[in-house]
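The values are calculated or read from the model by the stated rules, or taken from the named source; none is laboratory data. Computed from a prediction, not measured in an experiment: that's the story for all the values here. All Cβ positions, even for glycine, are placed from backbone atoms using ideal geometry, and neighbour counts span all protein chains on display.
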Amino acid sequence: MAQQRLRVRRLTDEEGRQLQRIVRRGGGKTDKSIVKWRRSMVVLASAGGNSVEAIARLVQTSPDRVREMIHRFNAMGMASLDPKWAGGRPRRITTDDEVFIVKTAKARPEAVGLPFTRWSLRKLATHLADNPVRRVVIGRERLRAILAANDVTFQRTKTWKETNDPLRDEKLDRIEAVLDQFPDRAFAFDEFGPLALHPVGGNCWSEKGKPQRLRANFHKTAGVRQFHGAATRSATTSSLVWSGRRRGPPTPSPR
């Protein structure tokens, strides 16, 4: 019986988008950004079905190191991409204090009974120094540094859209099975329309690259056209089958 190839677990839609952004931006100038870029390349290459040996040649490292990165990502997720380097004197703010600071900053002020919609550094430091849960006396610059170290930045909220299909995993399993059994077959998916106005988001403190998101509207009254295609090519035959499906009411034809 053939041994199953080691690969990362199935990526979520958000993980796939983040990894693509990291790889497309390149390694950067700092040692930390280069390490994160190389680890992201390993994860994406493994998700694409490449072998450990091929990935090791791609990133110029050993197969054992690639296996270690894959196991760490399967266990820790996106947090495994960041290198953890330690040194220097002990911190005055404990790890529990830091966790509480980050959790408070990422929550909306209304959740703790305060009459405003977003934190400033001054308001957040004042609340941390005088709250019934855990008192943390900290200056604004130290607070800013802790938030930055935990990838929490001040940014606009964004809308988000993700599939609501209850059969998502089942369909992905079928596609992966076809790709494994018929490597000469390709799939194409596309959707367009209708154009609509975009809602304007607000601002908040959130983890870097992960703004708080407002759920987008799936209901499009003007109709949406979807195209699904499967193509097979071989040395003797070439075939292409397209299918189209329209959702929503038809668009009135011009007179």
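Given the conditions (1) part of a helix (DSSP H, G or I); (2) surrounded by 13 or more Cβ atoms within 10 Å (Cβ to Cβ); (3) at pLDDT 90 or above, which single one is not true for Ser80?
(3)
Quick check on Arg72: is it in a helix (DSSP H, G or I) and within 22 Å of Lys210 (Cβ to Cβ)?
Details: in a helix (DSSP H, G or I): yes; within 22 Å of Lys210 (Cβ to Cβ): yes.
Against the criterion (in a helix (DSSP H, G or I) and within 22 Å of Lys210 (Cβ to Cβ)), Arg72 qualifies.
For segment 106-155, give me the residue count where each residue is assigned to a loop (DSSP other than H, G, I, E, B) and touching a His at 6+ places or on another chain (Cβ under 9 Å).
Step one: filter segment 106-155 for residues assigned to a loop (DSSP other than H, G, I, E, B), giving 107-108, 113-120, 130-139, 150-151.
Right, trim to touching a His at 6+ places or on another chain (Cβ under 9 Å) and you get 114, 119.
Number of matching residues: 2.
Could you tell me whether Gly16 is at pLDDT below 90 and either outside any loop (DSSP other than H, G, I, E, B) or on the phi > 0 side of the Ramachandran plot (or both)?
Numbers: at pLDDT below 90: yes; either outside any loop (DSSP other than H, G, I, E, B) or on the phi > 0 side of the Ramachandran plot (or both): yes.
Considered against the rule, which asks whether it is at pLDDT below 90 and either outside any loop (DSSP other than H, G, I, E, B) or on the phi > 0 side of the Ramachandran plot (or both), Gly16 comes out as yes.
Exactly one of (1) closer than 30 Å to Asn131 by Cα; (2) at pLDDT 90 or above; (3) surrounded by 14 or more Cβ atoms within 10 Å (Cβ to Cβ) is unmet by Ile93. Its number?
If we test Ile93 against (1) closer than 30 Å to Asn131 by Cα; (2) at pLDDT 90 or above; (3) surrounded by 14 or more Cβ atoms within 10 Å (Cβ to Cβ), just (2) comes out false.
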